[in-house]
Amino acid sequence: MNEIQKKAAKAIKLLQAASRAKGGEVIEVGYSGGKDSDVILELTRMSEIPYRAIYKNTTIDPKGTLQHVREMGVEVRNPELSFFELIKKIGLPNRTRRFCCASLKEYKILDTCVIGIRREESRKRAERYKEPTACRVYSKNERVEQIMPILDWTLQDVSSFVYWRGIKLAPFYYTTAGEIDFTRRLGCVGCPLQSTAKQIMAFKENPVFLRAWLRALKVYFETHPQSRAVAKSNGDYYQYFAWELFPNNFVKNGTGLFDTDYKDALESLFKTDLTI
C-alpha cells in the first residue's frame, strides 16, 4: 500500500466511524464541483456509508461546473434568488458584506456534512481547523457537524488520488493542452474574497459573467436611486463597480476622478466590450 492509499484508508475509516456514531443516518457530502469535493465524494463512495451528495448552486460558478456536477450524479439545490437577483435587490457584495454566501451556500441541509477542507490551502484554515471534525453554526442557530477527511492532505495528495482513481474533474481545471492544473481553485466568478489578480483573471475568462454583474448592478441603480451606491458614484454604475471591486486598480492608481470614463477604463482592463 503506497502513501496515498494509506491516507485514503485513514479517511475512509473516519467516514465510517462518523456514520456509525450517527447510527447509520444519511450524511451529506458538501459538493462544490471543485477538485477537493471530487476527492471527498470518491472517498465517501469507497466508504460505502449512506450519503447524499449535494451541490448548492451559487449560479455564478465557472462555465461547465454545473454540467460536471450533474455528470457526477450529484443533487443540485437551487437558491430562492440567484446571485444576480441578489445584486438587483441588495447591491454589490464585498469582503465585509458577504450576503451572497449566506444566501447561496452557507446554510444547513443535513445534520452531518462531509467537506473538502484542507489545512494547506491557507494560514487561516490551518489555524481554525485543528481536528477533522467541527461544529458549524449557521443562522437561526442551526448546527451542523462537519467531517473533514482530507484535512491533512497536500495538493500532491489530491493529485495522486485523482490519478489513482481516474477521477474526471470540472472543465475549469484543464489547460488548453488537456492537462490538469491542480493549483487552480474553483469558486464564484469575481468573488471579492479572492485576490484582485484572481478576480481579474476570472472575469477575463468569463466575460459573460462580468457583463451579468454590471447588468444586475444597473438594475439596482435604477430601482434604488436614493442608495449610498448611487450617491457615491454620481449615478455611474461602471464607476461604482470599479471602485468597489478593484480599488487598487482605480481609486489608488489615479483613476479616481468623477470625469473618468469608467466604462472605457473597465473595457481596457478586461479587453472586452461592456455595453449593457
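Here are a few things to note about the model shown:
- Between the C-alpha center of segment 18-86 and that of segment 205-239 there is a gap of 32 Å.
- Charge dipole of segment 91-157 about the Cα centre (unit charges at C-beta), most positive-ward option of Q156, S139, P93: P93
- Gyration tensor (alpha-carbon) shape descriptor, the chain, a/c threshold 1.5: prolate
- Here the 3J(HN,Hα) profile of segment 38-50, calculated from phi with Karplus coefficients 6.51, -1.76 and 1.60 at θ = phi - 60°, is 5, 5, 5, 5, 5, 4, 5, 4, 5, 6, 6, 8, x Hz, Gly and Pro shown as x.
- GluC sites (Glu not before Pro) restricted to segment 111-188 and DSSP loop, no more than 14 other C-beta within 10 Å: E142, E179
- Cα-centred dipole magnitude for segment 106-218, charges only on beta-carbon of K, R (+1) and D, E (-1), debye, nearest 20: 500 debye
- Dividing the summed -39500 (n - 2.57) terms of all DSSP H runs of n ≥ 4 by the residue count of the chain sets its mean residue ellipticity at 222 nm at -13000 deg cm²/dmol.
- Spin-label pair R95/N234, simplified geometry with 7 Å Cα→Cβ offset, distance in nm: 2.7 nm
- Stretchable slack from E71 to N2, in nm (0.36 nm times residue separation minus alpha-carbon distance): 21.9 nm
- Nearest-0.05 FRET efficiency for V251 and D273, computed from C-beta distance (R0 22 Å): 0.40
- Of the chymotrypsin sites (Phe, Trp or Tyr not before Pro) found in segment 108-159, those that fall in a DSSP loop while having at most 16 other beta-carbon atoms within 10 Å are Y138.
- Springs between Cα atoms under 10 Å define the GNM used for the chain, and in it the highest mean-square fluctuation of Q146, Q194, Q226 occurs at Q226.
- Using the Karplus relation 6.51 cos²θ - 1.76 cosθ + 1.60 with θ = phi - 60°, the per-residue 3J(HN,Hα) values for segment 154-166 come to 9, 4, 5, 4, 4, 4, 4, 5, 4, 6, 4, 8, x Hz, with x marking Gly and Pro.
- Under 5 Å, built H, 5+ apart or other chain: amide partners of V114: E28, V29, G30, I147
- Using 0.36 nm per residue and subtracting the Cα-Cα separation, the extra length available between E48 and K168 on full extension is 41.2 nm.
- For D38, D181, D157, the sequence from fewest to most other C-beta atoms within 10 Å is D181, D157, D38.
- Pairwise label distance in nanometres, T176 with E145, each label 7 Å out on the Cα-Cβ vector: 5.0 nm
- Vicinal HN-Hα couplings computed from phi for segment 4-15 (Karplus, 6.51 cos²θ - 1.76 cosθ + 1.60; Hz; Gly/Pro x): 5, 5, 5, 5, 5, 4, 5, 5, 5, 4, 4, 5
Quick note: the coordinates plus some simple rules give every number you see, no bench work behind them. Small disclaimer: the values here were computed from a predicted structure and weren't measured. Heads up, the Cβs are rebuilt from the backbone with ideal geometry, glycines too, and the neighbour counts pull from every protein chain shown.
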